[in-house]
Structure formats: structure tokens, C-alpha cells
1. Would you call residue A:253 more than 14 Å from chain B (Cβ to nearest Cβ), farther than 21 Å from residue A:372 by Cβ, part of a helix (DSSP H, G or I) and not β-branched (Val, Ile, Thr)?
2. Condition check: over 23 Å from residue A:332 (Cα atoms), more than 9 Å from every other protein chain (Cβ to nearest Cβ) and polar (S, T, N, Q). Does residue A:359 satisfy that?
3. Would you check which residues across the stretch A:116-134 are free of Cβ contacts under 8 Å to residues at least 40 places away in the same chain and surrounded by fewer than 22 Cβ atoms within 10 Å (Cβ to Cβ) and list them?
4. Quick one: which of B:309, B:339, B:266 is within 17 Å of the chain's Cα centre (by Cα) and within 30 Å of residue B:127 (Cα to Cα)?
5. Check whether at least one residue in the stretch A:388-399 is more than 10 Å from chain B (Cβ to nearest Cβ) and either more than 24 Å from the chain's Cα centre (by Cα) or basic (Lys, Arg) (or both), and report yes or no.
6. All but one of (1) over 30 Å from residue A:95 (Cβ atoms); (2) crowded, with 19+ Cβ neighbours inside 10 Å hold for residue A:182; which doesn't?
7. How many of the residues making up the stretch B:480-520 are touching a Gly at 6+ places or on another chain (Cβ under 7 Å), surrounded by fewer than 22 Cβ atoms within 10 Å (Cβ to Cβ) and assigned to a loop (DSSP other than H, G, I, E, B)?
8. Are any of the residues in the stretch B:253-268 within 23 Å of residue B:98 (Cβ to Cβ) and within 11 Å of another protein chain (Cβ to nearest Cβ)?
Amino acid sequence: MITSELFSVLKHEFCLLAILLVFLVLKIREREWKNETLIQLMNGLLVLNFIIGWLMNSEGVLFDGMFRNTLLIAFEKNILNFAILIVHLQSTEWMRRHKHLPEFYMLIVSSMLGMFFLLSSANWLMFYLALELSAIPLAALCNFDLEKKASGEAAMKMILSSAFSSCILLFGISLIYGSTGTLDFGEMAGRLSAMPLQILAFIFIFTGFAFKLSVAPFHFWTADVYEGSPVPVTSYLSVISKGTVVFVLSTVFYTVFGSMSGIWYDVLVVSTVITMTIGNLFALRQTNMKRFLAFSSIAQVAYILIGVSAGNEQGMASSIYFVLIYVFSNLGAFAVVSHISAMTGKESISDYNGLYKTNPALSWLLGISLFSLAGIPPTAGFFGKLFLLGAGAGTGNWPLIIFAALNMVVSLYYYLRVIRAVFMEPADSAIPKLTYGISVRLAMLICLGGMLLLGFTTGLYEYILSLSFGLK
Amino acid sequence: MPDTRVILILLFLPLLSFLINGLFGRKLPGSLGGLLATATLFVSFLLSLSAAYSYFFGSVGITGAYETLIPFQVTWLQFSESFSINMGILADPISMMMIVVVTFISLMVHVFSLGYMKGEERFATYYSFLSLFTFSMLGLVLSSNIFQTYIFWELVGVSSFLLIGYYYQKPSAVAASKKAFIVTRFADLGFLIGILILSYYGKSFDFVTLTERLVPAASTYSQAAAAAGFLGISALTWALVLIFVGGAGKSAMFPLHIWLPDAMEGPTPVSALIHAATMVVAGVYLVARLFPIFSLACPGALDVVAWTGIISALFAALIACTQTDIKRVLAYSTMSQIGYMMFALGVSGYGAEEGLGYMAAMFHLFTHAMFKALLFLGAGVIIHYVHSNDLKDMGGLRKALPITGATFLIACLAIAGIPPFSGFFSKEEILLSAYNSNYTIYIIALITAGLTAFYMFRLYFSIFWNKPQVSANEHKHEGTLSMLIPLLILAVFAAFSGFIPFSSFVTSDGIPFETHLHLEFSILPVLLSVSGIAIAWRYYKKPSTVPASVSQKTGSLYRTINKKFYIDEIYLFVTKKLVFQLIARPAAWFDKTIVDGMMNTAAAAAQVFSLSISGLQSGKLQHYAYYFIGGAIGLAILFIYSIA
């Protein structure tokens, strides 16, 4: 392997490593850096990282087939790069007040690095290592509101639950290794025969994914962790962590378990039905904005599962497309929640009463984001859901599609609840008029633009679809 | 052939006005925003007239039929090689007719609102919403693609949500707008699924292509659609019925009508625009748009349309007899008239005279738009004058509101189907087409026609007669000129638009035919209408010497007449006892308790269920672990055993 080739295949990972190193050096040199400087530096680095991500992507396989990169995977990494940039931009206010910013950055970039390796893994060993690399820093990140007890609780719950889920996942991997004698994705695909042991192993591996995606009944940690963690971490968890796992899930299901598609189709259908119901029913009752978004994101994932269940290029492309739109919509909502939480500490839905009177711009962004999450045209969210359901409809399972569509109506109810609070409820003590800096404003504008325009950009879905061919 | 640019401009002008009013409206001085919106719409209206003119008088000639033209189309999203979503403009008789109706009524409402909404704090916002609504409605009728229709359909829903909730300080307005939005969304869901099924089998979203592929029974597409099925009903029927559910939601057909009466919380001109002339007929338009598929490929679905229509027509007419809120009476009457259009489509055949019902439905849509908008705008003037919606606060307003009174009378005569007013012609043809195909429907339609005349004149007499005349009050005016001119213009159309030879323009297959008046056929319906009016005249016109409330008065009236005429007693028994007590009251009760109740119960059940499972989310990690491992083992057992 030529070094230049190595660099171009591993480019995304090298970029993150470079960022990691910058902050490591800054930290070691024992000099107090101003937060403002660090934030600007990180902004610059993330923008650079995002730009480099688009240049000279090449496909290749490294380390004896442990690591692979394809144009589709590179595209997925670029989506994640974009998401982390927005997360960072929108939480400027929170970071400005934090004392341990370099550590925060190092942890979040490490986790991100884990996600990238996860995307590129072509071997269960690599897969497992990457998963742990992405999960352990996350638990530390959850604890980063150091003065808040809830934050510590969130971290504890996160690390214990993910350890638990890792155990079962690892159990599944060892069972399947035992029955096929290989850990390589490609080789394993040829040796699966859908015997009961392998089904058991598959289910255990699936729970690992389900845990990360908050698929019911593996979702219980979600609300507690989302509520306790600092908002940037919550948005990271809900967008980047989920997005990665969706990407990996479809690849693993389509390639490794391709021969067991009959089984995983049923597993997906069962999980979809349970998750959608649970997510929606719980979201109806939430009073805290972050918990509310947690349950709404649980319900959102269920729609992705419908897309994945299609089992073809369209399923893959529509779920990637949806994740991209979900990035905009969810981060748009989180931008508002995060900013309000950082400036006033208020997080409950009733605190949002009369927000429109004092902060019309924030209200519109929140409103449009929620509309997009609810899937109302002409926001991008509608097109995302439409393609997912369209892909799912290809299997001819109309009851499932109708069930999903019915759930869209239920979800509308609770999204409208928040919108009503914001636009129509009278306020006794409305949130005062908030100011926001250039970077927060920029993040918000990007999200808004994405939600309003993405649905109408013709080529994007087709581009993803063209990348998805041949990967099945 | 109409100029593409003309159509594009007339479509996008309201959008421009929406953007200007929405973004800069608050900064514009006085009523400039409203004037601007009105001016742009006036241009739109002129352009749609010119487009319609060049379509109707330019393209017939070659084949003797009006062709369906796609003057403009872009590929918006390429799904696969053969499957794409397009955005385009479709010109055919009904779309050309609709753009004229939409821009005309919208223009009248714009002008009327200049006076009616004067001094409102959010004047510019109001006009921006009106413009957005007009844009969406125009986009909806011009769509060349069912998917594009759906997008505009939702946009229409959103903008009507905004307009109904315009008085957002009023909790009832907020509740009504939410109800309208959720109920129609519920119906739209059916629409969306219907579209997916239809396009899955037709492999296209374009109306023209869908028609070409699904209508011939021998084509591979329609055979595939006929072969596939669910619960013993073919996929095509499902698709069309589901699409019709969407249309029924927007058009307030039973049992999805529950949002319409509440939606009257919006400003009255909005009701004229949305709930009389444009949005609520979207469902009728949708069925008409897909009519070849309904009629030729799937008559079963058309029966559903017919029966839903006739049931709604009768049901709403009965309820309208008992209402005392002027706007609610009009709302139910709208529902009833749309039911008329629906069943006319439902009983219609395809092609030439067979397609009389289709043509009659479109004709009625046209005339109804005129007289119903007139009624609502008139109601606006009345409400403006007495500051109440309730009939008991009205009465004897003849002198005080002379122009409104006269125009309201014309509209009532038109809706009652009295010749030579416009409603007579369109209703006549609807009845004729029902008579030719389904006798039961014809009878119910006749009864409804009589009821319609009764409740409309009950309304008219209660408002303008009944009490001693209120003389013109110096401090109170009938309204500004901008409010009265639309009334006069609409009155002219409500009176005379029946003379338009509609069948020369709008027919199911595009080939014009001639309709004739059948005098002997017309006698019965007109007689029924006249007797309806007579009953209303008998009981509601008489000025009472007792200045008590209306209910008491009808009570004393009842005693007086009881002794005089035996025949009156029968009438009274039928109207008061039988119709009011035995049918209309239970119907109103059914509407309030069962239909509303079912919706409420569903919501409450979800709440209760959600409460009962919230115990699961205990916050204890060990419990979460139990559920986790339980879930894993459960799934494993389920799937290992289902394989073995």
C-alpha cells in the first residue's frame, strides 16, 4: 500500500486525529487559554475538517480487510462532519461558560473517531473496538455539567447501560463466530445458514444496534440520559450517534446478514411497531423539552427502520437521506432548546408559553423544525418520511405503512402541543428576549435553510441512490 | 391554447403578494398592504380570464373536443428511469374554470375585507394569509401531477389553519383551527396512502399517464391493480376510496365534516373564501380530476362517492334547520350543497349525455361559489352591524341593510333553486342525472331540495323580517363601499350565471353537448322548493307584537296556527315535531355525541394508555436492564420458534 493511498482512504480519521492532537498539545502546555479563542479555533478546525472531507475521496480496503472506505461511507462521514459542526456552532453559549473546554473537545472528537471507524469497519473485531471507542467518551461527556447532579446520573446510566448492551452484543458476536469460524463481514455472509444458533446471535447483535438507536424496549436509558446531559451532548447523541448506527445497521443487515433477510425483516417490523407506539405514547406526556425530543427521536427512528426494511438500494438511500434531513430538523429544534437552556436554564414546555411574543425568530425556527419532524409538507421532513414510506411500500406490507402513517397523525398532536405553547398560549412569565451571537445565528440559519430547501433539491436523493448501488 | 407565461404569472402573483405582506407588511403604512394584495389579485383574475378565454375559444376546433394540455412541465425528482415526480401545469376545462372561480371569489373577498377588517391590528398578516391561500388553491387546481396536488393540498390546509386561527386570542378560534387541521390531516393520510397505491400500480404520478394506464381494462397496469387486493377489495378500489377519504375530509363530507361548523370562528370573509367557494370544493375537484379512472375502471368506488354525497346532503340540511347561529346555518348548507355535487359525480356516467352528472356537478360548483360567497359576505355585513352571530339578535333589518337584504334574497332564491336564478339550472341538471340513474338518490335529493329552501328562507325571514323593522340608524352604517360592491357584483352572478351554456364547455370527456330544459321535470322540484319557502314564510316572516325571544315567539305562533288550519298542523307536526324532534335533533345529537365523541374517546384512550405504561419508565437502571434482557430473549424466542 502506498502511503498517499493510505492517507486518502483514512483521510477522515486523520483529520479528526489532527484536531485531537491540537487540543492535546494545548492542554499539555499548561497555559490557560481563553474559551473564546478555543471556540474560534475549534470552529476553524471543524470547518476545515468538513471541507477536506469532500476532497479526493477514494475507495479502498486496509489492514487485512479490517477497514474499508467507499464513496458512500465517505459521504456518510461528511454528513456527520457537517452535523458536528452545527452542534458546535449552536452550543457556543454553553461552551463559553464551561471550564474544561479542551477536555470536552478531545472527548467529543474521540467519540466521533469511534463513529468513523464503526462506519468503516469490515470485521466484527474492528466493529466492537470502534463501538467502545465511540461509547466510552460519550459517557464522560454526559457528565460534563459538572455542577448538576442529573448530569452525573445521566453519565452513570449511560455507561452502565452501554456496558450491558455491549455484553450482549459481544455474546452475539462470539456465538456467530463460533458457528461460522470467521469475523470478517464478507466471509461470514457466505457461511450463514439461519440455524437457530445464528438467529440467536443475530438477535443479540441486533439488540446492540437497538440500544444505540433507542429502539423499544431497549430505549429506557434515552430519556434519562437526554434530560441530564448538557444540551450539546444530547444533540450529539440524538443526531450523530443515531445517524452513524443507522448507516452501519443498513450496511450490516444488507451485506453480512443478507441471506437472513426474511428474519431481519420480521424483526424490523416488530421493532418498528413497538417503537413507534412507545415513542409516540410517551412523547404525549412529556413536560420537559429535552425528554420530549428524546421520545420524538425514538419515534423518528422507527420510520427509519421501515426504510431499512425495504432491503434494497432504495431502502438504503432513503434512510441516509432521512438522516441528513433529520440532522437539520432535529438540530434546528435543539438549537432553540440549547440556546434557551444555556441562557435561562429553562427546559420545560410550559416555560415556552408565549415565546412568540418575545422571540419571534426562535419561535419560527422551533415551529418549522417541529413541522419538519412531524413530516408536514413542504418542509424537508415530509420528503424524508415520504421516501422512507415509499421504500417500505416496495415490500407490499401495506398494513405497516398505514400504521406508520397513522402514527404520523398521532405525532402531529404532540408537536402541535409545543407549537401551541409557543405561538398561542398566553405567558405569565415569558422567556425574555434573548440575544444570540453570530455562530448560533449561523447554525440556526443553516438548519432553517436545510429544512426549507432540501426537499426541493432534486439531485441529492438521486446522488445518494447512485452511491448506494452495488452495496447491497 | 393559453400562454404558459400567463398561467405561471397568475399563479405566482399571489405568492409574491404573500411574501411582500408577510415580510414587510407591518412596515407598510395604513392599508397599503391590503390594497397591494388586492391589486395583484386583480391582475391574477384578469390573467385567468384571458387564459380561460384562450383555452375555451382557441383549442376546440381540431377534434371537436377540449383537450387536456400540459403547457408546462419540469421533472422534479427522478425516482428511477421510468418513474419520476413532475411539476407542471395542466389545462383542461375544469382547471380553467376553477382558476376563474378561485381568483374571482378571492378578489371579491379581498375587496370586501378592505372594509371589513379595517383597523385590525394584524391587517397585513391577514392579507398575507389570504394571498398564501389563494396561491395554494391555484396551485392545487393547476397541478398536472397527483403528488403536486398533494403538496398544494397540504399547503391549502396550512393556510386555512392560519386563517381560521386568525383571532388567536380567542381560545375557541385556536381550538377550531386545530380541530380543522387535525381532522383534515387525518383524512389526508388516506389521500397519501391512496396516492402511493395508485402510483405503485400506475407507475406514474401524472394524471394524464395514470388515466391512460389504468382506464383500459386490458392494460397490464390495470390488470395488476385489479389482481392485487386486500380484504377482498381490489387495490385500485382501495386507492380510489382512500383518495376520496382525503377529498371527503377537505370537503366536509359525513362523517369527516365535524371541523366545518367550528371553523366558522375565523373572520367571516375567510369563511366566504375557504368554507364556501374554494377549499371545501377541493374534494369535489379531486374526484372530478380522477373521474375517468373512477368512472371507467372502478364504478364501485364511485358508488361510495354517491352515497357519501347524498347522505351528507340530507344530514346537513336537517341539521341546518335547527341551528340559530347564522354562520353555522350557512356552514351546514355548504356541506349539504357539496353533498349535492358529490352525488352528482357519483351517479354520473362517462361521455356525452351520459356524463350529465359530471357536468352538473361542475356547474353547481360554479353557481354555488357565487351564491354561497354572496351569502357569507352578506352574513359578514349583518354580523358587522348587529355584533352577534345569533339569529335572535337579528330581525327586521330590511330597512337598515337594504343592499344586503336584496342581495341576500337573491342568493337565497338561487340556492333554493327558484327559476331563473342560477341555482335552479345547476340543481335541475343534478336532479335529472340522479333521476336517470338512481331513483333512491333522486328522492332523497328532492327532499333535500325542499329542506334547503325551507332553512334558507327561515334564515332570510329571521334576519330581515320577523321583528318590527329596524330603521336605518344614523350611527350605524351598512358598511363601506368596498363591502357593498362585492355583494352587488356577486348578486349579478348569483342571479344570471345559470344562463351560461355550461355543457358547451365542461364535460366529462371534453366533447361539448347541448342540454335542454325539461319543463315537466322541473315542476316537482320547484314546487317543493316553493312550498319550503312558503312554510318558512308562514312561520318566520310574521312580525310579532311581543318583543320576546324567537323561541317564545314560535311557541305562540304554534298555538295561534294550531287552531286555524288543520293542514298547518300537519306541516308543523312534520317540521317541528317530526323533523326537529325526531330526525334533526337526533342527527345533531349523533353529530355531537357519537362522531365528536369517538374522536375524543380515541384521544382520551391514548392518554390513558400512555399514563398506564408510564410506570415502566421508572428511572431505575436495574429495571431498564430487566426490560433490555427481556426484550432480547423475547425477540429470540419469537423468531427462533417461528422459524422452527
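1. On the way: more than 14 Å from chain B (Cβ to nearest Cβ): yes; farther than 21 Å from residue A:372 by Cβ: yes; part of a helix (DSSP H, G or I): yes; not β-branched (Val, Ile, Thr): yes.
For residue A:253, the condition - more than 14 Å from chain B (Cβ to nearest Cβ), farther than 21 Å from residue A:372 by Cβ, part of a helix (DSSP H, G or I) and not β-branched (Val, Ile, Thr) - is met.
2. Considered against the rule, which asks whether it is over 23 Å from residue A:332 (Cα atoms), more than 9 Å from every other protein chain (Cβ to nearest Cβ) and polar (S, T, N, Q), residue A:359 comes out as no.
3. A:129, A:132, A:133, listed by residue number.
4. Among B:309, B:339, B:266, only B:266 is within 17 Å of the chain's Cα centre (by Cα) and within 30 Å of residue B:127 (Cα to Cα).
5. Yes: one or more hits.
6. (2)
7. Adding up the residues that qualify gives 3.
8. no
The values are calculated or read from the model by the stated rules, or taken from the named source; none is laboratory data. Being a predicted model, the structure only gives us computed values, none of them experimental. When we count neighbours, we look across all protein chains shown, and the Cβ atoms used for this are built from the backbone with ideal geometry, even at glycine.
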